[in-house]
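The values are calculated or read from the model by the stated rules, or taken from the named source; none is laboratory data. Here the structure is a predicted model, which is why all the values come from computation and not from measurement. Cβ sites come from the backbone with ideal geometry, for glycine too, and all protein chains shown count toward neighbours. For accessibility, only protein heavy atoms count, side chains too; no ligands or nucleic acids. Shrake-Rupley method; radii C 1.70, N 1.55, O 1.52, S 1.80 Å.
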Amino acid sequence: MDSGRIPSRDSALETSHSPSLIDNHGRPINYLRLAITDRCNLRCRYCMPEEGVASIKHDQALSYEELERLVRLFQGLGITKVRITGGEPFVRRGCYEFMKTLKQRVGIEQLYLTTNGVETYRYIERLKEIELSGINLSLDTLDRARFKELTRRDHIDKVLLTLNRSLEAGIPVKINSVVMEDTSDEDIINLVGLVRDQAISLRFIEQMPFSGSSEVHDRSQKSLRERLVTIFPELQEYNRGIASTALEFSLPGHSGTVGIIEGRSRKFCATCNKVRITPEGMLKACLYDDGVLDLRELLRKGVKDQELADSIRVCLNHRYADGHETEADNGREGEPSMASIGG
Ligand code: SAM
Ligand code: SF4
(Lines give C-alpha, C1' and ligand atoms only; values in the text may rest on other atoms or scores of the structure.)
(Ligands and ions follow the chains in the order given, each with its own letter.)
Protein backbone atom coordinates (compact mmCIF):
# COMPACT_ATOMS: atom_id res chain seq x y z
CA MET A 1 0.00 0.00 0.00
CA ASP A 2 1.64 3.23 -1.05
CA SER A 3 -1.02 5.65 0.12
CA GLY A 4 -0.92 7.54 3.38
CA ARG A 5 1.16 6.59 6.35
CA ILE A 6 0.57 3.93 8.94
CA PRO A 7 2.46 3.27 12.11
CA SER A 8 4.65 0.20 11.87
CA ARG A 9 3.27 -2.29 14.31
CA ASP A 10 2.55 -5.94 13.80
CA SER A 11 -0.96 -7.21 14.04
CA ALA A 12 -2.31 -10.68 13.68
CA LEU A 13 -5.54 -9.18 12.37
CA GLU A 14 -4.07 -7.65 9.19
CA THR A 15 -6.80 -8.73 6.81
CA SER A 16 -9.37 -10.20 9.14
CA HIS A 17 -12.84 -10.24 7.63
CA SER A 18 -14.91 -9.97 10.79
CA PRO A 19 -18.14 -8.02 10.22
CA SER A 20 -17.19 -5.24 12.61
CA LEU A 21 -14.12 -3.10 12.85
CA ILE A 22 -12.08 -3.66 15.97
CA ASP A 23 -8.71 -1.97 16.19
CA ASN A 24 -5.44 -3.43 17.42
CA HIS A 25 -6.23 -2.17 20.94
CA GLY A 26 -9.58 -3.94 21.04
CA ARG A 27 -11.60 -0.77 20.49
CA PRO A 28 -14.69 -1.27 18.32
CA ILE A 29 -14.99 1.36 15.59
CA ASN A 30 -18.53 2.18 14.63
CA TYR A 31 -18.52 5.93 14.10
CA LEU A 32 -17.50 7.80 10.94
CA ARG A 33 -17.08 11.57 10.80
CA LEU A 34 -17.24 12.97 7.29
CA ALA A 35 -15.93 16.47 6.70
CA ILE A 36 -17.60 17.32 3.40
CA THR A 37 -15.90 20.70 2.91
CA ASP A 38 -13.15 22.79 4.44
CA ARG A 39 -14.92 26.04 3.58
CA CYS A 40 -16.78 28.08 6.15
CA ASN A 41 -18.92 31.17 6.53
CA LEU A 42 -17.48 32.02 9.95
CA ARG A 43 -13.90 32.70 10.98
CA CYS A 44 -13.79 31.50 14.58
CA ARG A 45 -10.59 32.76 16.14
CA TYR A 46 -9.69 29.36 17.59
CA CYS A 47 -10.15 27.65 14.22
CA MET A 48 -9.04 29.90 11.38
CA PRO A 49 -7.16 33.08 10.66
CA GLU A 50 -9.19 36.08 9.48
CA GLU A 51 -8.49 35.35 5.80
CA GLY A 52 -9.68 31.74 6.19
CA VAL A 53 -7.64 28.64 5.43
CA ALA A 54 -6.43 27.82 1.93
CA SER A 55 -9.38 25.90 0.55
CA ILE A 56 -8.90 22.82 -1.56
CA LYS A 57 -10.07 22.98 -5.17
CA HIS A 58 -13.47 21.51 -6.01
CA ASP A 59 -12.04 18.53 -7.84
CA GLN A 60 -9.74 17.79 -4.89
CA ALA A 61 -12.75 17.27 -2.63
CA LEU A 62 -14.49 13.93 -2.74
CA SER A 63 -17.63 14.12 -4.85
CA TYR A 64 -20.95 13.14 -3.27
CA GLU A 65 -20.86 9.94 -5.33
CA GLU A 66 -17.45 9.09 -3.90
CA LEU A 67 -18.62 9.94 -0.40
CA GLU A 68 -21.71 7.78 -0.78
CA ARG A 69 -19.60 4.85 -1.96
CA LEU A 70 -17.31 5.21 1.05
CA VAL A 71 -20.22 5.41 3.47
CA ARG A 72 -21.70 2.23 2.00
CA LEU A 73 -18.34 0.55 2.33
CA PHE A 74 -17.88 1.61 5.95
CA GLN A 75 -21.44 0.56 6.66
CA GLY A 76 -20.51 -2.89 5.38
CA LEU A 77 -17.56 -2.84 7.78
CA GLY A 78 -19.81 -2.15 10.76
CA ILE A 79 -20.08 1.63 10.95
CA THR A 80 -23.50 2.49 12.37
CA LYS A 81 -23.16 6.19 13.08
CA VAL A 82 -22.21 8.92 10.62
CA ARG A 83 -21.66 12.59 11.36
CA ILE A 84 -21.58 15.23 8.65
CA THR A 85 -19.22 18.06 9.50
CA GLY A 86 -16.82 20.47 7.82
CA GLY A 87 -15.83 23.39 7.50
CA GLU A 88 -19.45 24.35 7.49
CA PRO A 89 -21.45 21.55 5.83
CA PHE A 90 -24.18 23.83 4.45
CA VAL A 91 -21.63 25.95 2.63
CA ARG A 92 -21.33 23.03 0.22
CA ARG A 93 -24.17 22.92 -2.27
CA GLY A 94 -26.19 19.70 -2.11
CA CYS A 95 -25.41 19.00 1.54
CA TYR A 96 -29.03 18.40 2.49
CA GLU A 97 -29.67 16.14 -0.50
CA PHE A 98 -26.58 14.13 0.38
CA MET A 99 -27.80 13.68 3.94
CA LYS A 100 -31.18 12.60 2.64
CA THR A 101 -29.47 10.01 0.43
CA LEU A 102 -27.50 8.67 3.39
CA LYS A 103 -30.67 8.31 5.43
CA GLN A 104 -33.07 7.06 2.81
CA ARG A 105 -31.00 5.24 0.19
CA VAL A 106 -27.96 4.09 2.13
CA GLY A 107 -29.98 3.45 5.28
CA ILE A 108 -27.74 5.10 7.87
CA GLU A 109 -29.92 5.09 10.96
CA GLN A 110 -27.79 7.27 13.16
CA LEU A 111 -27.06 10.34 11.08
CA TYR A 112 -25.81 13.46 12.87
CA LEU A 113 -24.78 16.94 11.86
CA THR A 114 -22.22 19.34 13.31
CA THR A 115 -22.91 22.88 12.18
CA ASN A 116 -22.35 26.50 13.09
CA GLY A 117 -26.04 27.17 12.43
CA VAL A 118 -25.58 30.13 10.09
CA GLU A 119 -27.53 28.58 7.19
CA THR A 120 -28.97 25.55 8.96
CA TYR A 121 -32.22 27.19 10.08
CA ARG A 122 -33.42 26.99 6.48
CA TYR A 123 -33.22 23.17 6.56
CA ILE A 124 -34.62 22.25 9.98
CA GLU A 125 -38.04 21.10 8.74
CA ARG A 126 -36.44 18.95 6.06
CA LEU A 127 -33.89 17.54 8.51
CA LYS A 128 -36.78 16.60 10.75
CA GLU A 129 -38.47 14.89 7.80
CA ILE A 130 -35.47 12.65 7.23
CA GLU A 131 -35.30 11.93 10.96
CA LEU A 132 -31.88 13.35 11.59
CA SER A 133 -30.66 11.84 14.87
CA GLY A 134 -29.23 15.03 16.27
CA ILE A 135 -27.57 18.37 15.71
CA ASN A 136 -24.38 19.57 17.35
CA LEU A 137 -24.53 23.33 17.18
CA SER A 138 -21.43 25.40 17.82
CA LEU A 139 -22.18 28.40 19.99
CA ASP A 140 -19.59 29.94 22.26
CA THR A 141 -21.45 32.91 23.67
CA LEU A 142 -24.92 34.45 23.79
CA ASP A 143 -23.54 37.96 23.64
CA ARG A 144 -23.80 39.55 20.20
CA ALA A 145 -20.62 41.63 20.46
CA ARG A 146 -18.59 38.73 21.81
CA PHE A 147 -19.99 36.42 19.09
CA LYS A 148 -18.93 38.91 16.44
CA GLU A 149 -15.51 39.30 17.97
CA LEU A 150 -15.05 35.51 18.25
CA THR A 151 -16.36 34.50 14.84
CA ARG A 152 -15.53 37.74 12.99
CA ARG A 153 -19.09 37.71 11.63
CA ASP A 154 -22.35 39.20 12.93
CA HIS A 155 -24.53 36.09 12.54
CA ILE A 156 -25.72 35.29 16.05
CA ASP A 157 -29.40 35.82 15.16
CA LYS A 158 -29.27 33.10 12.50
CA VAL A 159 -27.52 30.69 14.85
CA LEU A 160 -30.15 31.26 17.53
CA LEU A 161 -32.87 30.76 14.92
CA THR A 162 -31.31 27.38 14.12
CA LEU A 163 -31.24 26.54 17.82
CA ASN A 164 -34.86 27.49 18.39
CA ARG A 165 -36.17 25.80 15.25
CA SER A 166 -34.29 22.60 16.09
CA LEU A 167 -35.77 22.54 19.58
CA GLU A 168 -39.27 23.25 18.24
CA ALA A 169 -38.87 20.45 15.71
CA GLY A 170 -37.84 18.09 18.49
CA ILE A 171 -34.41 17.32 17.00
CA PRO A 172 -32.00 16.44 19.84
CA VAL A 173 -29.55 19.30 20.26
CA LYS A 174 -26.06 19.42 21.69
CA ILE A 175 -24.29 22.75 21.94
CA ASN A 176 -20.52 22.79 21.54
CA SER A 177 -18.84 25.76 23.24
CA VAL A 178 -15.12 26.23 22.98
CA VAL A 179 -13.74 27.80 26.13
CA MET A 180 -10.91 30.19 25.37
CA GLU A 181 -8.65 31.86 27.85
CA ASP A 182 -10.66 35.04 27.60
CA THR A 183 -14.05 33.32 27.90
CA SER A 184 -15.75 35.03 30.82
CA ASP A 185 -17.66 33.39 33.65
CA GLU A 186 -20.64 35.40 32.41
CA ASP A 187 -20.45 33.67 29.01
CA ILE A 188 -20.39 30.29 30.73
CA ILE A 189 -23.24 31.16 33.10
CA ASN A 190 -25.43 32.46 30.27
CA LEU A 191 -24.84 29.33 28.18
CA VAL A 192 -25.69 27.11 31.13
CA GLY A 193 -28.90 29.17 31.45
CA LEU A 194 -29.99 27.64 28.11
CA VAL A 195 -30.20 24.17 29.64
CA ARG A 196 -32.34 25.23 32.59
CA ASP A 197 -35.66 24.74 30.81
CA GLN A 198 -34.58 22.93 27.67
CA ALA A 199 -33.30 19.42 27.22
CA ILE A 200 -30.06 20.54 25.63
CA SER A 201 -26.75 18.83 26.19
CA LEU A 202 -24.22 21.66 26.53
CA ARG A 203 -20.58 20.65 26.21
CA PHE A 204 -17.71 22.95 26.98
CA ILE A 205 -14.70 22.13 24.83
CA GLU A 206 -11.12 22.65 25.83
CA GLN A 207 -9.51 24.82 23.17
CA MET A 208 -6.90 23.05 21.09
CA PRO A 209 -4.11 24.86 19.28
CA PHE A 210 -4.07 25.18 15.50
CA SER A 211 -1.37 26.45 13.19
CA GLY A 212 -3.03 29.71 12.18
CA SER A 213 -3.76 30.74 15.72
CA SER A 214 -1.94 33.64 17.28
CA GLU A 215 -3.47 32.81 20.64
CA VAL A 216 -1.08 32.03 23.44
CA HIS A 217 -1.96 28.78 25.17
CA ASP A 218 -1.28 28.78 28.83
CA ARG A 219 -0.87 25.12 29.67
CA SER A 220 -1.00 25.90 33.35
CA GLN A 221 -4.48 27.34 33.13
CA LYS A 222 -7.09 25.92 35.45
CA SER A 223 -8.65 22.82 34.03
CA LEU A 224 -12.05 23.30 32.51
CA ARG A 225 -13.49 21.02 35.12
CA GLU A 226 -12.03 23.04 38.00
CA ARG A 227 -13.37 26.18 36.45
CA LEU A 228 -16.89 24.85 35.99
CA VAL A 229 -17.04 23.33 39.44
CA THR A 230 -15.95 26.65 40.92
CA ILE A 231 -18.78 28.44 39.12
CA PHE A 232 -21.36 25.68 39.73
CA PRO A 233 -20.44 23.77 42.92
CA GLU A 234 -23.73 21.86 42.65
CA LEU A 235 -22.69 20.05 39.43
CA GLN A 236 -23.12 16.30 39.75
CA GLU A 237 -21.07 14.02 37.54
CA TYR A 238 -23.35 11.31 36.37
CA ASN A 239 -22.48 9.07 33.52
CA ARG A 240 -19.72 8.49 31.13
CA GLY A 241 -20.99 6.40 28.24
CA ILE A 242 -18.43 3.87 27.12
CA ALA A 243 -17.38 5.79 24.03
CA SER A 244 -18.32 9.25 25.25
CA THR A 245 -15.82 12.01 24.68
CA ALA A 246 -17.52 14.18 27.29
CA LEU A 247 -17.57 14.12 31.05
CA GLU A 248 -21.20 14.77 31.84
CA PHE A 249 -22.88 16.52 34.72
CA SER A 250 -26.40 17.25 35.78
CA LEU A 251 -27.34 20.43 37.55
CA PRO A 252 -30.23 20.41 40.04
CA GLY A 253 -33.26 22.23 38.63
CA HIS A 254 -32.02 22.03 35.04
CA SER A 255 -33.66 19.95 32.28
CA GLY A 256 -30.50 19.69 30.21
CA THR A 257 -26.97 18.59 31.02
CA VAL A 258 -23.52 20.12 31.04
CA GLY A 259 -20.43 18.33 29.79
CA ILE A 260 -16.75 18.86 29.28
CA ILE A 261 -14.71 17.68 26.32
CA GLU A 262 -11.08 17.66 27.28
CA GLY A 263 -9.67 17.44 23.79
CA ARG A 264 -6.26 18.85 24.59
CA SER A 265 -5.71 16.57 27.53
CA ARG A 266 -6.82 13.55 25.44
CA LYS A 267 -8.70 11.84 28.20
CA PHE A 268 -10.99 9.91 25.86
CA CYS A 269 -8.55 7.96 23.71
CA ALA A 270 -9.05 4.67 25.58
CA THR A 271 -12.60 4.39 24.28
CA CYS A 272 -12.20 6.10 20.91
CA ASN A 273 -14.66 4.50 18.46
CA LYS A 274 -14.34 6.93 15.57
CA VAL A 275 -12.56 7.47 12.32
CA ARG A 276 -12.56 10.56 10.16
CA ILE A 277 -12.46 11.33 6.48
CA THR A 278 -11.19 14.75 5.45
CA PRO A 279 -12.72 16.70 2.55
CA GLU A 280 -9.97 15.51 0.22
CA GLY A 281 -10.49 11.92 1.21
CA MET A 282 -7.74 11.18 3.72
CA LEU A 283 -8.72 8.57 6.28
CA LYS A 284 -7.69 9.62 9.77
CA ALA A 285 -7.50 6.91 12.39
CA CYS A 286 -6.85 9.54 15.07
CA LEU A 287 -7.53 13.27 15.33
CA TYR A 288 -3.79 13.81 15.68
CA ASP A 289 -2.51 11.84 12.70
CA ASP A 290 -1.82 13.32 9.28
CA GLY A 291 -3.99 10.80 7.52
CA VAL A 292 -3.31 7.08 7.27
CA LEU A 293 -4.85 6.24 3.91
CA ASP A 294 -5.48 8.28 0.78
CA LEU A 295 -8.97 7.05 -0.07
CA ARG A 296 -9.37 9.51 -2.92
CA GLU A 297 -6.33 8.13 -4.67
CA LEU A 298 -7.64 4.58 -4.33
CA LEU A 299 -11.14 5.56 -5.47
CA ARG A 300 -9.85 7.43 -8.49
CA LYS A 301 -7.48 4.60 -9.38
CA GLY A 302 -10.58 2.46 -9.73
CA VAL A 303 -9.88 -0.09 -7.00
CA LYS A 304 -12.63 -2.55 -6.11
CA ASP A 305 -14.57 -2.42 -2.86
CA GLN A 306 -12.83 -5.47 -1.45
CA GLU A 307 -9.40 -3.90 -1.92
CA LEU A 308 -10.60 -0.65 -0.35
CA ALA A 309 -12.07 -2.52 2.60
CA ASP A 310 -8.84 -4.49 3.10
CA SER A 311 -6.75 -1.32 3.03
CA ILE A 312 -9.03 0.30 5.60
CA ARG A 313 -8.83 -2.73 7.87
CA VAL A 314 -5.05 -2.79 7.71
CA CYS A 315 -4.90 0.87 8.77
CA LEU A 316 -7.28 0.36 11.64
CA ASN A 317 -5.27 -2.61 12.82
CA HIS A 318 -2.33 -0.26 13.26
CA ARG A 319 -3.95 2.45 15.33
CA TYR A 320 -1.95 4.28 17.94
CA ALA A 321 -3.03 3.84 21.55
CA ASP A 322 -3.68 7.54 22.09
CA GLY A 323 -3.23 11.01 20.69
CA HIS A 324 0.09 11.57 22.44
CA GLU A 325 1.57 8.51 20.77
CA THR A 326 0.14 9.57 17.41
CA GLU A 327 1.61 13.04 17.66
CA ALA A 328 4.98 11.84 18.87
CA ASP A 329 5.29 9.56 15.87
CA ASN A 330 3.95 11.98 13.27
CA GLY A 331 6.28 14.83 14.25
CA ARG A 332 3.82 17.39 13.03
CA GLU A 333 4.77 20.99 12.52
CA GLY A 334 1.85 22.98 13.84
CA GLU A 335 -1.74 21.87 14.06
CA PRO A 336 -4.05 22.11 11.06
CA SER A 337 -7.34 23.93 11.31
CA MET A 338 -10.26 21.87 12.58
CA ALA A 339 -12.05 23.04 9.45
CA SER A 340 -9.99 20.62 7.39
CA ILE A 341 -10.57 17.78 9.85
CA GLY A 342 -14.15 18.29 10.96
CA GLY A 343 -13.56 18.62 14.69
N1 SAM B 1 -18.38 24.48 11.21
C2 SAM B 1 -19.02 23.50 12.01
C3 SAM B 1 -19.08 23.94 13.46
O4 SAM B 1 -18.40 24.89 13.82
O5 SAM B 1 -19.83 23.31 14.19
C6 SAM B 1 -18.41 22.13 11.92
C7 SAM B 1 -16.93 22.03 11.87
S8 SAM B 1 -16.06 22.60 13.31
C9 SAM B 1 -14.40 22.40 12.80
C10 SAM B 1 -16.37 21.28 14.42
C11 SAM B 1 -16.11 21.59 15.87
O12 SAM B 1 -14.73 21.85 16.05
C13 SAM B 1 -16.85 22.80 16.40
O14 SAM B 1 -17.65 22.42 17.49
C15 SAM B 1 -15.75 23.73 16.83
O16 SAM B 1 -16.11 24.45 17.95
C17 SAM B 1 -14.62 22.78 17.10
N18 SAM B 1 -13.31 23.43 17.04
C19 SAM B 1 -12.77 24.13 16.02
N20 SAM B 1 -11.55 24.59 16.33
C21 SAM B 1 -11.30 24.18 17.59
C22 SAM B 1 -10.21 24.32 18.49
N23 SAM B 1 -9.12 25.01 18.16
N24 SAM B 1 -10.31 23.73 19.71
C25 SAM B 1 -11.40 23.02 20.06
N26 SAM B 1 -12.46 22.85 19.27
C27 SAM B 1 -12.43 23.41 18.05
FE1 SF4 C 1 -16.11 27.51 10.74
FE2 SF4 C 1 -16.71 25.64 12.52
FE3 SF4 C 1 -14.17 26.51 12.20
FE4 SF4 C 1 -15.94 28.14 13.28
S5 SF4 C 1 -15.28 26.17 14.14
S6 SF4 C 1 -14.48 28.68 11.63
S7 SF4 C 1 -17.77 27.61 12.24
S8 SF4 C 1 -15.36 25.40 10.73
For the chain, percent of DSSP beta bridges that are antiparallel (nearest 5) comes out at 30 percent
Quick calc, the chain, dipole around Cα centre from Cβ unit charges on Lys, Arg (+) and Asp, Glu (-), nearest 20 debye, gives 780 debye
Of Gln110, Gln198, Gln75, the most mobile residue in a GNM of the chain (C-alpha springs, cutoff 10 Å) is Gln198
Cys in the chain lacking any partner Cβ under 4.7 Å -> Cys40, Cys95, Cys269, Cys272, Cys286, Cys315
One finds the C-alpha centres of segment 294-326 and segment 32-97 to be spaced, in Å, by 18 Å
Carbon and sulfur atoms account, in whole percent of the 1.4 Å probe accessible area of the chain, for 48 percent
Expressed in angstrom and rounded, the centroid-to-centroid distance over alpha carbons for segment 178-204 and segment 118-173 is 15 Å
Scalar couplings 3J(HN,Hα) for segment 153-166 by Karplus 6.51 cos²θ - 1.76 cosθ + 1.60 (θ = phi - 60°), nearest whole Hz, x for Gly and Pro, are 9, 9, 10, 4, 4, 5, 5, 5, 5, 4, 4, 5, 5, 5
Listed residues Lys158, Lys301, Lys284; largest mean-square fluctuation, Gaussian network over the chain with Cα springs below 10 Å, found at Lys301
In segment 66-215, lysine pairs 8 or more places apart or on different chains with C-alpha atoms under 14 Å apart total 4
Contour minus Cα-Cα span, Glu51 to Asn190, at 0.36 nm per residue, comes to 47.0 nm
